[in-house]
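Asker: The following block contains the structure, expressed as structure tokens.
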Amino acid sequence: MNFVPVNEPLLNGNEKKYLCECIDAGWISSEGPFVKEFEQKMSASVNRKYGIAVSNGTAALEVAVQALGIKDGDEVIMPTFTIISCAMAVTKVGAVPVLVDSDLHTWNMNIEEIEAKITPRTKAIMIVHLYGLPVEVDKILALAEKYNLKVIEDAAEMHGQTYNGKPCGSFGDVSTFSFYPNKHITTGEGGMVVTDDEELAERCMMLRNLCFKKDVRYVHDEISDNYRFTNLQAAVGLAQLERLDEFVGKKRQMGKYYTEKLCGIDGLILPVEKTDYADNIYWIYGIVLDENINIDNKMMQKLLVEEGIGSRTFFWCMHEQPVYQKQGLFADETYPNAEYLARKGFYIPSGLALTQEQMEQVATGVRKVMQKVAGWK
């Protein structure tokens, strides 16, 4: 029995060709021509005017938050159920993440809780689209307009997804992407900030490069990190972007297959196939264990390994992160839906290189594990 990894990227397009062009030309750093081309084509694919490529998705969030001028004492409303990068980008500038619970249907942030969390210190709302379905963006944009708030859209997992026919990554003041290997478009590591605001784009370009001035090098009025993106990464990204429609189609076929094979298994809550505003893109194929199942996602992981199947648990909530508890953040806060997803949610192999044979092994293995679990008391 071969082990099926939770993710394996698909790199059989023009990646090698473009990388060889970089090496032959000697352009391997952030100064290479592929960087600008990738920025232009990626931003255009989501109807944005400007793209600023950075070293990873976390860097994209940090640059976006800094570029918007969010500072010490400001508040940013965001979901508790997300990756820590979102909260880190806020706390790094001294601002405070203000959390909302999850919606158990879509696994995204519960937008009905947002307005009650707005205070005079609120400066922005961070939208985080999770796992395959986008957040209901229009309602958040309406709140932002009503209270004069900035909107940061984290579209890291939404390459090729749309909301009401408009591309994810096209909403709000600024949007961010990740190009980690498990994303629909990968550059190994990498990320991008996209925006329609020329002044904001200029500021992002400065922030990604140690805050070098546009016309004066080695003289700095501000401090920032080195978030630069290489020509080698951009070469891979361009090859990936050429196949985005194909990749999205493959993911949706994968989701359809898993749903057909796993539907009807007692104890499994499968992902929502569609909402009024989007069809699931199945960035990953997530599953939630029913509350009556007497194990958590960590035990599920161990049982799946015995069947040769890799898996990964869902995100852990921000209000339960030890590092923030030590800092006195989120004291006595509780978000029951998010806590349930964090303990009962996991995802099975969903990478673009997954074969039909591997999917069959996964579906069979999940069914076998659930039959074993059903007999436990």
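The values are calculated or read from the model by the stated rules, or taken from the named source; none is laboratory data. Quantities reported herein were computed from a predicted structural model and do not represent experimental measurements. In this analysis, Cβ positions are derived from the backbone assuming ideal geometry, glycine residues included, and neighbour counts consider all displayed protein chains. Ligands, DNA and RNA are excluded from the accessible area calculation, which covers all protein heavy atoms including side chains. Shrake-Rupley method; radii C 1.70, N 1.55, O 1.52, S 1.80 Å.
Asker: Which ranges mark the helices (runs of 4 or more DSSP H) fully within segment 1-111 that have 3 or more residues being closer than 26 Å to Val323 by Cβ and out of contact with any Phe, Trp or Tyr (no Cβ under 9 Å at 6 or more places or on another chain)? Break it down into steps so the answer makes sense when it comes.
Answerer: Details: elements: 15-25, 33-45, 57-67, 84-91.
Ranges flagged: 57-67, 84-91.
Asker: Further, regarding this structure: From (1) more than 16 Å from Leu200 (Cα to Cα); (2) open to solvent by less than 40 Å² (accessible area, probe 1.4 Å); (3) within 19 Å of the chain's Cα centre (by Cα); (4) not basic (Lys, Arg), pick out the condition that doesn't hold for Ile52.
Answerer: (1)
Residues are listed down the side, and each one gets a yes or a no for (1) surrounded by fewer than 24 Cβ atoms within 10 Å (Cβ to Cβ); (2) under 17 Å from the mean Cα position of the chain (by Cα):
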| site | (1), (2) |
| --- | --- |
| Ala44 | yes, no |
| Thr58 | yes, yes |
| Val63 | no, yes |
| Phe81 | no, yes |
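Asker: Conditions first: (1) of a type in the set (A, V, I, L, M); (2) surrounded by fewer than 17 Cβ atoms within 10 Å (Cβ to Cβ); (3) modelled with pLDDT under 95. Leu270 passes all but one, so which condition is the exception?
Answerer: Of everything listed in (1) of a type in the set (A, V, I, L, M); (2) surrounded by fewer than 17 Cβ atoms within 10 Å (Cβ to Cβ); (3) modelled with pLDDT under 95, Leu270 misses just condition (3).
Asker: A follow-up question, please. Could you grab me the full set of residues in segment 242-292 that are of a type in the set (Val, Ile, Thr) and part of a strand (DSSP E or B)? It would help to see each step written out before you state the result.
Answerer: Initial filter on segment 242-292 (of a type in the set (Val, Ile, Thr)): 248, 259, 265, 269, 272, 275, 281, 284, 287-288.
The answer is Ile269, Ile287, Val288.
Asker: Let me ask something else about it. Against the definition (in contact with a helix residue (DSSP H, G or I) (Cβ under 8 Å, 6 or more places away or on another chain) and small (Gly, Ala, Ser)), how does Ala201 come out, yes or no? So that I can check it myself, show each step before the final result.
Answerer: Details: in contact with a helix residue (DSSP H, G or I) (Cβ under 8 Å, 6 or more places away or on another chain): no; small (Gly, Ala, Ser): yes.
Taking the combined requirement at face value, the residue does not satisfy it.
Asker: Gly286 passes all but one of (1) over 30 Å from Arg243 (Cβ atoms); (2) in contact (Cβ under 8 Å) with a residue 60 or more places away in the chain; (3) open to solvent by less than 10 Å² (accessible area, probe 1.4 Å); which number fails?
Answerer: (1)
Asker: Given the condition in contact with an Asp or Glu (Cβ under 9 Å, 6 or more places away or on another chain), in a strand (DSSP E or B) and either surrounded by fewer than 24 Cβ atoms within 10 Å (Cβ to Cβ) or free of Cβ contacts under 8 Å to residues at least 24 places away in the same chain (or both), answer yes or no: does some residue in segment 129-150 qualify?
Answerer: Yes; the residues of segment 129-150 include at least one that is in contact with an Asp or Glu (Cβ under 9 Å, 6 or more places away or on another chain), in a strand (DSSP E or B) and either surrounded by fewer than 24 Cβ atoms within 10 Å (Cβ to Cβ) or free of Cβ contacts under 8 Å to residues at least 24 places away in the same chain (or both).
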